[in-house]
Amino acid sequence: MQRYSVFSLLGHALRGRDDWPLAWRSPEPKKRYDVVIVGGGGHGLATAYYLAKEHGIRDVAVLEKGAIGLGNTGRNTTIVRSNYHLDPNAHFYEHSLKLWEGLSQELNFNVMYSPRGVLNLVHTPQDADAAMRRGNAMRLNGIDARFLARDEIARWIPELDCSADARFPILGGLLQPRGGTVRHDAVAWGYARAADALGVDILQQCEVTGIRVERRAIAGVRTTLGDIATDRLGIAVAGWSSRVAAMAGIRLPIESYPLQAMVSEPVKPVLHTVVTSGAVHFYVSQSDRGELVMGGDLDFHSSYAQRGNLPRIQDVVSACVALFPSFGRLRLMRTWGGVMDMTMDGSPIIAKLPLKGLYMTGGWCYGGFKATPASGWTLAWTIAHDEPHPLNAAFTLERFASGATIDEKGAGPNPWAH
Amino acid sequence: MMLIPCPWCGPRGQIEFVHGGDASLRRPEPDAPMAQWVDYVYLRDNPCGPSEELWYHAMGCRSWFRLRRDTRTHDIAASAPLREPPAGEAQRDDRDESKP
């Protein structure tokens, strides 16, 4: 890997710019690796990177059935934050946010972390009580949180309808100043390039079709590029977690649902922070290309199709226009969807699975993008030590049976409700 | 949007309905072993492909029914009242008549 710097940029520019080395290799699969990671999205690539970087485990392959980063990593709305209420989530996502803060330097790849703030709007006195409670929990855990009054918000975000007769009157909002956005594609490419430079093999167009188990331990995988032997297998496939776990005979507390996202046509800068509303389940920010990036609820039916339908698009756009009336003049440019691995308590599973040598990070619901660095970091630790790190110790598969669920919304065993 | 064939009302837009989850679940007896209850409450097949689902016609006749739908393509094969399998599924001799 050639380091990106102002000097290398200048050097290549003067030489005609056509001899940059490829950012990662396309090696032939080996017959055996120390560790195999299934899933070439952000989480899988981050896991491989941290295995090599933090633990010196470099004989690693990442198997991706398509091209890296085109699953949920390429489909999210780029928001990063750690404004969670429950302790295990707060500590985990805060670790992730701290990794985001230094990631461009660490990977020598600009992931464009923009701490422009994440503002959760409050529309009723009950919303305000809940927001205050969550903000206080954040501050007790050393995480930045401020409650903004309506007038402050109106001055800060002029396009937001803060008037008394707004469709969704705004009473205030909970702000996490260090939250913001990251360029999602850069995360896949940055981790891939850095992992490859440390010796990790990234095998694209390599779909896992079976898991080989011998004497109740992982022996390897069957893939469309042949059999690969290993005794340590990490699953990082988000919406396809149930399918891959089933290859090892394991059922998960997960159902897969579509989440759509969409962008407006690009315009000059008009929104300089991330705005969300729990009441209408809507979130919006403006990308550096000028597009408004928007999202909302799941489509409420199971799906692996990576798309939803028009009713949810109408809901998201309606919420956008109600909160930001002037945005009604914009045209919707593109919509798409991903597959969300919704768990029975809304929190992830980063754990050893009940088969020797098998590990997973999954069940991210719709919140996996912000978790990418910490998910890879903790799964790498768990694989390297064959034990969870304190940061992911609570996110077990067994917590459902034991009652130790981590349920931010208190919505119970209804995956769609989280 | 998906057109969902309610067995009584015919094909209606998906916004009239509520998805009710996996139709293959069988509620254990109250004194069944805990492992069975954990399985029923928490663990799911989460199929990719043809899937048996429960749906509720919230903005119509307000009946529950079974739907065979493909979770990969969203194609709908059949729908049926709760106690009958969708058309084309063979009857099992040991089907318990007292449960949907």
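The values are calculated or read from the model by the stated rules, or taken from the named source; none is laboratory data. Being a predicted model, the structure only gives us computed values, none of them experimental. No Cβ is skipped: glycine too gets one built from the backbone with ideal geometry, and neighbour counts run over all protein chains shown. Side chains are part of the model used for accessible areas, which takes the heavy atoms of the whole protein and leaves out ligands, DNA and RNA. Shrake-Rupley method; radii C 1.70, N 1.55, O 1.52, S 1.80 Å.
Counts of other chain beta carbons within 10 angstrom of each beta carbon in peptide A:400-412 average 1.
Assigning unit charges at the beta carbon (Lys, Arg +1; Asp, Glu -1) and nothing else, what dipole magnitude in debye, to the nearest 20, does chain A show about its Cα centre?
On the way: 43 positive and 40 negative charges, 111 e Å.
Approximately 540 debye in magnitude.
Rolled with a 1.4 Å probe across the full set of protein chains, the surface gives residue A:265 an accessible area near 40 Å². For region A:323-378, a crude dipole built from +1 on the beta carbon of Lys and Arg and -1 on the beta carbon of Asp and Glu, taken about the Cα centre, is about 260 debye to the nearest 20. With a cut-off of 10 Å between beta carbons, the residues surrounding residue A:354 carry a summed charge of +2, where Lys and Arg count +1 and Asp and Glu -1. Positive end of the dipole of the protein assembly as shown (Cβ unit charges, origin at the Cα centre): among A:110, B:60, A:379, the Cα lying farthest that way belongs to A:110. For A:91, A:85, the ranking by accessible surface with the largest value first comes to A:91, A:85, using a 1.4 Å probe. Averaged over the residues of peptide A:309-317, the number of Cβ atoms from other protein chains lying within 10 Å of each residue's Cβ is 2.
Legend: residue pairs A:98/A:409; A:98/A:352; A:65/A:370; A:53/A:409; A:30/A:98, Cα-Cα distance threshold 31 Å; pairs beyond threshold, A:53/A:409; A:30/A:98. By the gyration tensor of its Cα atoms, with a ≥ b ≥ c the square roots of the eigenvalues, what is the shape of region A:348-414: rounded for a/c under 1.5, prolate for a/b over b/c, or oblate? It comes out oblate by the Cα gyration axes.
Looking at region A:197-252, which trypsin sites (Lys or Arg not before Pro) are in a loop (DSSP not H, G, I, E or B) and have at most 13 other Cβ atoms within 10 Å?
For trypsin sites (Lys or Arg not before Pro) across region A:197-252 that sit outside H, G, I, E and B with at most 13 neighbouring Cβ atoms in 10 Å, the list reads A:215, A:216.
Between chains A and B, what is the buried accessible area summed over both chains (1.4 Å probe, protein heavy atoms, nearest 100 Å²)?
The contact between B and A buries close to 2100 Å².
In terms of the mean number of neighbouring beta-carbon atoms within 10 Å, the peptides A:146-154, A:377-385, A:324-332 order highest first as A:377-385, A:146-154, A:324-332. Local charge for residue B:60 was computed over the other residues whose Cβ lies under 9 Å away, with Lys and Arg +1 and Asp and Glu -1, and equals +1.
Per-residue Karplus couplings for region B:3-13, computed as 6.51 cos²θ - 1.76 cosθ + 1.60 with θ equal to phi - 60°, are listed in order as 9, 9, x, 5, x, 9, 9, x, x, 10, x Hz, Gly and Pro entered as x.
Given an 8 Å cut-off on Cα distances and at least 6 residues of separation, report the relative contact order of chain A as a percent.
About 21 percent, as a whole number.
Answer rounded, prolate or oblate for the protein assembly as shown, using the Cα gyration tensor with square roots of eigenvalues a ≥ b ≥ c: rounded when a/c is under 1.5, else prolate when a/b is larger than b/c, else oblate. It comes out oblate by the Cα gyration axes.
Normalised by the number of residues in region A:301-418, the mean separation of alpha-carbon contacts (under 8 Å, six or more apart) gives a relative contact order of 28 percent.
For region A:186-196, 3J(HN,Hα) computed residue by residue from phi via the Karplus equation (6.51, -1.76, 1.60; θ = phi - 60°) reads 4, 5, 4, 5, x, 5, 4, 5, 6, 5, 4 Hz, glycine and proline entered as x.
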